[in-house]
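Here the structure is laid out as structure tokens; the discussion comes afterwards.
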Amino acid sequence: MRNNFKGLFSVLTAIVIAASLTACQNDTEQSPGNASSQGTGTSSAPASNTSSSSSSSSESTETNSTSSENTGAAPDNSTESGEKILIAYFSRCGNTNYPDDVDASASASIVVDNGRFGTTEYVAKMIQDEVGGDIHLIQTVNPYTADFDELRTVNHNEMSNNYLPDLKDTDLDISGYDTVFVGYPVWATDVPQAVISFLNKYDFSGKTVIPFCTHDGYGAGSSYNTIATASKAQNTENGLAIEAKDVPGAKSTVASWLNSIGISESSGNSESAETALKITIDDVVLYGVLYDTALAREIKEYFPLTISMVGFGGREYYGGVDFYPQNLTDGQRNFENGDITYCEAHRNMAIFYAQTDNPNLSVDVIPIGKVTSDLSVFETLGGHAEITFSLA
Ligand SMILES: Cc1cc2nc3c(=O)[nH]c(=O)nc-3n(C[C@H](O)[C@H](O)[C@H](O)COP(=O)(O)O)c2cc1C
């Protein structure tokens, strides 16, 4: 069957390929996201207040990666129930030394979206955007050939001989993770042998292992069984297989799949992986936390972020921002004191500081963090304040 793939792969892969090959190994920091959405006005205030809130400033600092690649640090992302998540993946990108003059259409697929990603890498980052967690690239000591035909032969030989390529040493400590996603391109209707090397190298007993893969039209093959057997994991979940040409638009597919296996974005809204936050109002400094959500991480990239905020209803200060977050989720129409929220409809942020007889909001807001300091300063601000959000 493998011999029939070459022609098909060349055509299908060409659909996805769109960029130089060398970039995929390095330029991977910006997370994939969905289409941006816009809004005007304020989060929960009536329209009459909107114009006064439009002034805001946001200083865009460096684009931080939301992942920790090949991490060996203590896992710092977990689900609401405290589950720690690792997203490990293998891909041609990161495992191939492409010559400078290689013809892109003959080699690995790359997704272009504000950066260049290997196909499987792109899905890995989509998963991370949904549930958080750390990302780990599985890398062999010896890189694979850039030549597609040769690679097929190499893979065939590795499979026939049950050869397990050595992996690069990393300081990955698998023991800290409860749930491990394992991603890979389907090779010859199975996993690349490097994935088995990875599964053999670490102890997955007691963990949940969840496969995901990309392919060129023939599906996951026997790869899920291979992973269940090789990992000896306590649990394995149903995997996700995405055809390479569908990967750029697969965000909702990924989200639905995560939901179906009980690892939804809401479970990733972990307050146990919060980022310490500083809120400066004139000479007053408050502290708080940013949640470990894709939206909060995205907004954090604009820190230090100064917003011209106005008071409304004795309960909140709000102000517009001039960026369009992509990682939006369903919001809510109520608040707790201290909530820091983003409002898609009115494209602004708010800090809620007091419950009043008007606790119900007119539009949805998405909590991204919480002020943990005493909130009484908001009672004395006089209706307007320049408020700066930064990392503590
Ligand atoms: C050696 C090799 C074998 C492959 N075998 C299959 C296969 O059996 N079925 C399939 O649908 N795609 C197959 N593909 C295509 C890849 O699975 C697909 O292009 C994948 O999305 C590449 O992901 P990557 O860019 O992360 O490496 C194969 C590709 C290679 C290089």
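The values are calculated or read from the model by the stated rules, or taken from the named source; none is laboratory data. Quick caveat, the model's predicted, so the values are computed rather than measured. Here the Cβ is made from the backbone with ideal geometry for all residues, glycine too, and neighbour counts use every protein chain on show.
Being in contact with a Cys (Cβ under 6 Å, 6 or more places away or on another chain), surrounded by 15 or more Cβ atoms within 10 Å (Cβ to Cβ) and aliphatic (A, V, I, L, M) narrows it down to one residue among Val154, Val186; which is it? Write out each step before concluding.
Values: Val154 fails: in contact with a Cys (Cβ under 6 Å, 6 or more places away or on another chain).
After ruling out the rest, the residue left standing is Val186.
Under the condition of being basic (Lys, Arg) and at positive phi, the residues counted in segment 200-234 number 1.
Contact map, segment 176-200: first residue under 12 Å from Tyr163 (Cα atoms), second residue within 15 Å of the ligand (Cβ to nearest atom) and part of a helix (DSSP H, G or I), Cβ cut-off under 6 Å, separation 6 or more or different chains; pairs are Gln193/Glu158. Assess whether Lys245 counts as being out of contact with any Lys or Arg (no Cβ under 9 Å at 6 or more places or on another chain), closer than 23 Å to Gly132 by Cα and of a type in the set (Lys, Arg). When the stated conditions are applied, Lys245 does not pass them.
Taking segment 139-176, which residues are assigned to a helix (DSSP H, G or I) and more than 13 Å from the ligand (Cβ to nearest atom)?
Ser160, Ile174, Ser175, Gly176
Evaluation of Val112 against the conditions (1) modelled with pLDDT of 85 or more; (2) more than 9 Å from the ligand (Cβ to nearest atom) shows that the sole unmet condition is (1). Number of residues in segment 177-224 that are more than 10 Å from the ligand (Cβ to nearest atom) and in a helix (DSSP H, G or I) equals 10. Is it the case that segment 123-131 has a residue that's in contact with a helix residue (DSSP H, G or I) (Cβ under 6 Å, 6 or more places away or on another chain), of a type outside the set (Val, Ile, Thr), in a strand (DSSP E or B) and within 27 Å of Tyr98 (Cβ to Cβ)? No, segment 123-131 contains no residue that is in contact with a helix residue (DSSP H, G or I) (Cβ under 6 Å, 6 or more places away or on another chain), of a type outside the set (Val, Ile, Thr), in a strand (DSSP E or B) and within 27 Å of Tyr98 (Cβ to Cβ).
For segment 329-343, a tally of residues being surrounded by fewer than 22 Cβ atoms within 10 Å (Cβ to Cβ), modelled with pLDDT of 90 or more and either within 23 Å of the chain's Cα centre (by Cα) or within 21 Å of Lys278 (Cβ to Cβ) (or both) returns 3.
I need every pair where a residue in segment 370-391 that is assigned by TED's automatic domain parsing to the domain that holds Gly319 and acidic (Asp, Glu) has its Cβ under 8 Å from the Cβ of a residue that is at pLDDT 95 or above and in a loop (DSSP other than H, G, I, E, B), sequence separation at least 6 or different chains. Cβ pairs passing all conditions: none.
When you scan segment 189-221, how many residues do you find that are surrounded by 17 or more Cβ atoms within 10 Å (Cβ to Cβ) and acidic (Asp, Glu)? Residues flagged as surrounded by 17 or more Cβ atoms within 10 Å (Cβ to Cβ) and acidic (Asp, Glu) within segment 189-221 amount to 2. The set of residues from segment 225-248 being surrounded by fewer than 23 Cβ atoms within 10 Å (Cβ to Cβ), touching a residue at least 12 places away in the same chain (Cβ under 8 Å) and not in a strand (DSSP E or B) comprises Thr226, Ala228, Ala230, Lys232, Ala233, Gln234, Glu237, Asn238, Gly239, Lys245, Pro248.
The set of residues in segment 167-196 being of a type in the set (Asp, Glu) and farther than 29 Å from Glu150 by Cβ consists of Asp171, Asp173, Asp178.
Residues of segment 331-342 being more than 15 Å from Phe389 (Cβ to Cβ) and in contact with a strand residue (DSSP E or B) (Cβ under 8 Å, 6 or more places away or on another chain), which ones? Those that are more than 15 Å from Phe389 (Cβ to Cβ) and in contact with a strand residue (DSSP E or B) (Cβ under 8 Å, 6 or more places away or on another chain): Gly331, Gln332, Arg333, Phe335, Glu336, Asn337. Against the list (1) out of contact with any Ser or Thr (no Cβ under 6 Å at 6 or more places or on another chain); (2) in contact (Cβ under 8 Å) with a residue 40 or more places away in the chain; (3) closer than 15 Å to Phe389 by Cα, the condition Glu316 fails is (3).
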